[in-house]
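Beneath this line is the structure, given in structure tokens, with notes to follow.
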Amino acid sequence: MHIFLLTSIYPSSHASNGTTPVVHYFTKEWAYEGHNVHVFHTEAIFPKAFYLLVRPFKKMLDSKLGYFIPDKIPKEYDEMKDGVSITHILLRKYIPHGRFAVKQLHRVLNIISSYVEKEGIPDCFVGHWDNPQLELLHLLKLKYHRPSCLVYHSNGFKHLFECYGYDTETFVNDIDLIGFRNITARSAYEKTFKKPAHSFIAASGVSKPFIEAGKAFEKEIRKIERFVYVGTLIHRKYPETVIEALHQSYQQESFEITYIGEGNDRKLIQQKFEDLKCKGKLTFTGRIPREEVIRYLKQADVFVMISKGELFGLVYLEAMALGCITIASRHEGIDGIIVDGVNGFLCEAGNADELAAIITKIRNMSPEELKTMSVKAKETANAYSDTNVAENYMNELSMICNYI
């Protein structure tokens with residue numbers, strides 16, 4: 001297939017640290033399978049003063065808001081990465097989260113049209129993130145009469161009306177295939193709009209190194225005492241709550257907890273550990289290479305992160321690929337993939353008491369029960385490999401192209 005994909009966030013040599021590569025995980029797999037993929041990275045650019053003001057407070061803002069704030073002025077350029085053609089386009093903007101000016105959108109359309117002239121009209125137009133993709137996909141469909149797909153990266157949809165006003169229903173209804181990052185988002189969409197005729201879950205996939213490492217490694221869990229957390233150390237992920245729950249479960253007994261990642265809440269975690277006089281070992285690794293993450297996951301008995309606002313939570317599946325007993329957030333991104341008590345456990349985001357009860361339950365499980373859950377966790381992760389989820393996504397696009 002020939003695909004033009006528009007996205008607000010995409011990794012590049014000029015991207016801010018922490019930029020999620022989630023869309024590239026899909027596109028590189030499609031390119032590897034022989035599909036022709038051209039990505040148009042529609043990145044907002046603000047007045048220079050914005051970046052100067054943000055820079056001194058970036059870490060604090062990242063921690064408070066739960067996502068990475070750009071602190072350097074982006075650039076426009078073309079590049080090739082893992083077989084994917086990428087065109088980085090800047091759209092001038094003055095109000096974050098606001099609607100882009102018509103002039104800016106038509107500039108993007110003209111750039112995309114220039115590539116249509118070179119490469120031909122694609123089989124479909126795909127978008128990730130709704131602003132400005134929702135409006136751009138509508139305009140591209142009017143011009144080229146090709147099917148469109150939009151993957152939402154949100155668990156709520158009222159913000160669409162705030163951005164697009166009276167045009168919202170028109171834009172939303174014009175999309176032929178809708179992707180959601182999790183079943184919670186799909187349910188929220190259906191409460192806000194009507195049930196879409198064609199939709200799917202655009203799950204992230206576990207990369208090959210994690211899958212292969214898991215297949216070559218068999219975890220033996222005899223005594224639950226080694227825990228690991230992988231993610232940014234920010235408020236909405238409740239990293240310090242893990243310490244509180246561990247203390248409730250272990251009291252004066254010893255445990256080990258390793259935090260992999262960076263963030264402003266590191267001091268809060270350290271302070272909580274000391275204030276509760278926890279027995280055992282607290283380790284911070286900072287941000288480390290993925291192969292090092294695999295090593296820590298192999299050593300751990302339990303992976304835990306009960307964060308709020310998780311659109312998917314790939315790190316849960318990565319931990320499961322290595323056979324970790326995994327505790328994740330209920331009613332967040334991993335619902336429907338982790339089945340509570342079968343291949344892992346689900347806990348209310350930020351609930352220390354419930355988390356402590358789950359940890360105690362795991363500690364009381366027999367080696368045979370732990371082994372069974374560990375094996376089921378690996379089976380689940382294998383089903384959600386990079387290759388499998390990219391193939392499922394492509395099948396959905398193929399069907400809509402044949403249907404429309």
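The values are calculated or read from the model by the stated rules, or taken from the named source; none is laboratory data. What you see is a predicted model, and the numbers here were worked out from it, not measured in a lab. When we count neighbours, we look across all protein chains shown, and the Cβ atoms used for this are built from the backbone with ideal geometry, even at glycine.
Laid out as a table, the results:
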| item | result |
| --- | --- |
| Hits in the range 248-266 - residues which are polar (S, T, N, Q) and either closer than 21 Å to TYR316 by Cα or in a strand (DSSP E or B) (or both) | SER254, THR258 |
| Any hit, the range 193-206, residues being basic (Lys, Arg) and in a helix (DSSP H, G or I) | no |
| Cross-chain or 6+ apart pairs with Cβ under 7 Å, the range 101-120 first and within 17 Å of TYR164 (Cβ to Cβ) and not assigned by TED's automatic domain parsing to the domain that holds LEU136, then polar (S, T, N, Q) and surrounded by 16 or more Cβ atoms within 10 Å (Cβ to Cβ) | none |
| Of all residues in the range 33-54 being outside any loop (DSSP other than H, G, I, E, B), of a type outside the set (A, V, I, L, M) and at pLDDT below 95, the one that is nearest to PHE180 (Cα to Cα) | GLU43 |
| Pick from the range 278-306, criterion modelled with pLDDT of 95 or more and in a loop (DSSP other than H, G, I, E, B), ranking: surrounded by the most Cβ atoms within 10 Å (Cβ to Cβ) | ILE306 |
| Residue in the range 125-144 that is of a type in the set (Lys, Arg) and more than 14 Å from ALA44 (Cα to Cα) present | yes |
| Test for VAL389: is it crowded, with 17+ Cβ neighbours inside 10 Å and out of contact with any strand residue (DSSP E or B) (no Cβ under 7 Å at 6 or more places or on another chain) | yes |
| Inter-residue pairs, beta-carbon under 9 Å, first without any contact (Cβ under 8 Å) to a residue 24 or more places away in the chain and in the range 171-192, second of a type in the set (Val, Ile, Thr), 6+ apart | ARG186/ILE178; ARG186/ILE201 |
| Any hit, the range 258-265, residues being farther than 19 Å from PRO367 by Cα and over 27 Å from the mean Cα position of the chain (by Cα) | no |
| Answer from ILE224, ILE269 - the residue that is of a type in the set (Val, Ile, Thr), over 24 Å from SER374 (Cβ atoms), at pLDDT 95 or above and outside any strand (DSSP E or B) | ILE269 |
| 3 or more residues at pLDDT below 95: qualifying helices (runs of 4 or more DSSP H) within the range 348-404 | 386-403 |
| Every pair of residues 6+ apart whose Cβ atoms lie under 6 Å, when the first sits in the range 122-143 and is farther than 15 Å from THR168 by Cβ while the second is of a type in the set (Ser, Thr, Tyr) and surrounded by 21 or more Cβ atoms within 10 Å (Cβ to Cβ) | PHE125/SER148; HIS128/THR7; LYS141/SER148 |
| Residue list for the range 185-206, filter: buried (at least 20 other Cβ atoms within 10 Å of the Cβ) and over 21 Å from GLU391 (Cα atoms) | ALA185, TYR189 |
| Residues that are among the aliphatic types (A, V, I, L, M), within 21 Å of GLU220 (Cβ to Cβ) and buried (at least 24 other Cβ atoms within 10 Å of the Cβ), drawn from the range 318-349 | ALA319, MET320, ALA321, LEU322, ILE325, ILE327 |
